[in-house]
Each structure stands twice: as structure tokens, then as C-alpha cells.
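Data first, discussion second: the structure below is written as C-alpha cells.
The values are calculated or read from the model by the stated rules, or taken from the named source; none is laboratory data. Please read these numbers as outputs of a predicted model, since none were measured by experiment. Don't worry about glycine lacking a Cβ; one is built from the backbone with ideal geometry, like all the others, and counts go over all protein chains shown. For accessibility, only protein heavy atoms count, side chains too; no ligands or nucleic acids. Shrake-Rupley method; radii C 1.70, N 1.55, O 1.52, S 1.80 Å.
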Amino acid sequence: AGSDAAFGGVLVEIGADVVTVAATDRSVLLARTGIPAIVDGPPARARILPQPAIEWLPSQGEVHLSIERATGGGTARVLLSGSDGDVRAVEGLSDLFPGVAEVIGADSAAGGRAVFDTTAVRDLLEPARPDDVALVIEDSSASLRYDGRSVRGRAIGCTTTARSLSCRSLRLISEAVVGPELLCDLRDDGRSLLWRDAAQPDFAGLMLSQQP
């Protein structure tokens with residue numbers, strides 16, 4: 001998200017022993033909700049502009065993050081301390097995010113789940129076009145259809161349905177997944193889809209769909 005100008009910053013939530021990181025462009029929300037952490041201090045959160053540090057972070061074996069709460073209506077001050085002793089100040093932004101747990105919700109797969117091969121989905125969405133992707137579920141079969149091609153998967157506990165998805169949003173989600181299987185939880189509101197990573201259970205990619 002740090003390299004995509006459409007994302008309005010990154011929300012960092014520090015809990016008792018985990019950190020949640022989320023970013024959204026109002027079309028798709030990408031989040032890690034359970035990054036293990038050693039926390040010293042009360043829960044805190046801040047929305048930050050990550051671009052100055054995004055290229056530096058992968059070179060650090062361990063990063064210490066500190067949030068100084070805003071006073072007088074200002075924004076929180078965030079410092080990143082790397083394992084090499086380097087310290088980076090990150091610009092704080094106005095906190096416009098609701099709680100990530102609220103948005104994702106606990107009953108994520110009430111409408112069933114579709115499972116796809118991650119690499120096959122990435123290959124399907126290349127080259128990028130402005131057309132939508134069709135998600136079609138029939139009995140125990142699921143498919144993603146795009147640009148005259150398709151990827152087949154399996155459906156678990158789903159009813160027959162067809163949804164139209166943003167290609168760009170689905171590409172962002174598939175590129176963030178590290179495992180071999182991309183899981184799609186159909187929520188019972190009939191519109192939102194929550195994508196999960198079988199190899200990274202705390203990953204969540206939330207997007208809206210519509211009837212084709």
C-alpha cells in the first residue's frame with residue numbers, strides 16, 4: 001500500500017500483544033490483524049504515511065515502533081527504530097479509520113467459502129484491463145472469469161450465485177497473499193467478500209461485489 005498513492009495512509013493498531021496494520025482506498029481494505037509483538041505501554045493507534053520508510057523496512061530484521069499520542073487535536077507522532085540503529089520519523093495523518101475488527105467482523109464466512117489457486121488467479125488477471133471479474137458459484141464448483149478466460153476452484157457451503165468484482169481490487173489482494181491458496185468468504189450481506197490467505201491466517205482483503 002505504501003507504493004500506491006490511492007491508499008490513504010496505513011492504520012497501525014497496537015494491542016496487548018499483537019499489532020494490526022491496515023490500508024484502504026475505499027474500494028478494497030488490506031489488513032494483517034495478528035502480527036506478533038512485544039508491547040510496552042497501553043493500546044494505541046495511528047494512521048501514518050509510510051512512503052518515506054517503505055523501502056527501508058525490508059532491510060531491518062526487527063523494528064521498534066513507538067506512537068506518541070496526539071494532544072490538542074493534532075496527529076500522533078510515530079517513530080520507527082531499526083535493528084541497525086537507524087530511526088525514522090513517519091508522518092502522522094488524521095485518524096479516519098473505524099476499528100479494523102469491526103469492519104472485518106467475526107462471522108466472515110456465513111455465506112460459504114470459495115477456494116482458488118493463488119498463482120492461477122494472478123495469471124488470470126494479467127494483462128490488467130478495466131473490465132470486471134465474474135465470480136460464479138454453482139453447487140461445489142467456483143470459477144473466476146475474466147477476459148475470455150477462467151480459473152476453476154471449489155466451493156464449500158455456498159449457494160448458487162454470481163458476483164461482479166473489480167479487477168484492480170482483486171489483483172491487489174492476490175499480490176498480497178503469500179500462500180498457495182486464496183480463500184474467498186462470502187458474507188451474508190450479499191455484497192462484501194472477505195479474501196483470506198490459507199498460509200497467513202491473519203491476512204484479510206475486504207472488497208465489495210455487485211450482481212452482474
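A quick yes/no check of all residues on (1) within 26 Å of Arg26 (Cα to Cα); (2) of a type in the set (S, T, N, Q):
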| residue | (1), (2) |
| --- | --- |
| Val133 | yes, no |
| Val136 | yes, no |
| Arg152 | no, no |
| Ala155 | no, no |
| Thr160 | no, yes |
| Leu165 | yes, no |
| Ser169 | yes, yes |
| Ala176 | yes, no |
If you go through Gly99, Gly179, Gly112, Gly153, the only one that is on the phi > 0 side of the Ramachandran plot and out of contact with any Pro (no Cβ under 7 Å at 6 or more places or on another chain) is Gly112
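For the range 164-184, give me each residue that is in a helix (DSSP H, G or I), among the hydrophobic types (A, V, I, L, M, F, W, C) and under 13 Å from the mean Cα position of the chain (by Cα).
The answer is Leu170, Leu172, Ile173, Ala176.
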Of the residues in the range 40-57, those that are open to solvent by 50 Å² or more (accessible area, probe 1.4 Å), under 19 Å from Thr75 (Cα atoms) and either touching a residue at least 24 places away in the same chain (Cβ under 8 Å) or in a helix (DSSP H, G or I) (or both) come to Pro43, Arg45, Leu49, Gln51, Pro52
**Asked** Regarding Leu124, is this residue farther than 19 Å from Ser27 by Cα, touching a strand residue (DSSP E or B) at 6+ places or on another chain (Cβ under 7 Å), open to solvent by less than 20 Å² (accessible area, probe 1.4 Å) and not basic (Lys, Arg)?
**Response** yes
In the range 127-148, anything in contact (Cβ under 8 Å) with a residue 24 or more places away in the chain, surrounded by fewer than 20 Cβ atoms within 10 Å (Cβ to Cβ) and either over 19 Å from Glu175 (Cα atoms) or among the hydrophobic types (A, V, I, L, M, F, W, C) (or both) is listed as Ala128, Ala134, Val136
Among strands (runs of 3 or more DSSP E) entirely inside the range 103-156, those with 3 or more residues being in contact with a Ser or Thr (Cβ under 6 Å, 6 or more places away or on another chain) and more than 20 Å from Gln200 (Cβ to Cβ) are 133-138, 149-156
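Go through the range 154-180 and report how many residues are open to solvent by 10 Å² or more (accessible area, probe 1.4 Å), out of contact with any helix residue (DSSP H, G or I) (no Cβ under 6 Å at 6 or more places or on another chain) and closer than 23 Å to Ser140 by Cβ. Write out each step before concluding.
First pass over the range 154-180, keeping only residues open to solvent by 10 Å² or more (accessible area, probe 1.4 Å): 154-164, 166, 168, 171-172, 175-176, 178, 180.
Checking which are out of contact with any helix residue (DSSP H, G or I) (no Cβ under 6 Å at 6 or more places or on another chain) leaves us with 154-164, 166, 168, 171-172, 175-176, 178.
Then drop every residue that is not closer than 23 Å to Ser140 by Cβ, which leaves 154-164.
The qualifying residues number 11.
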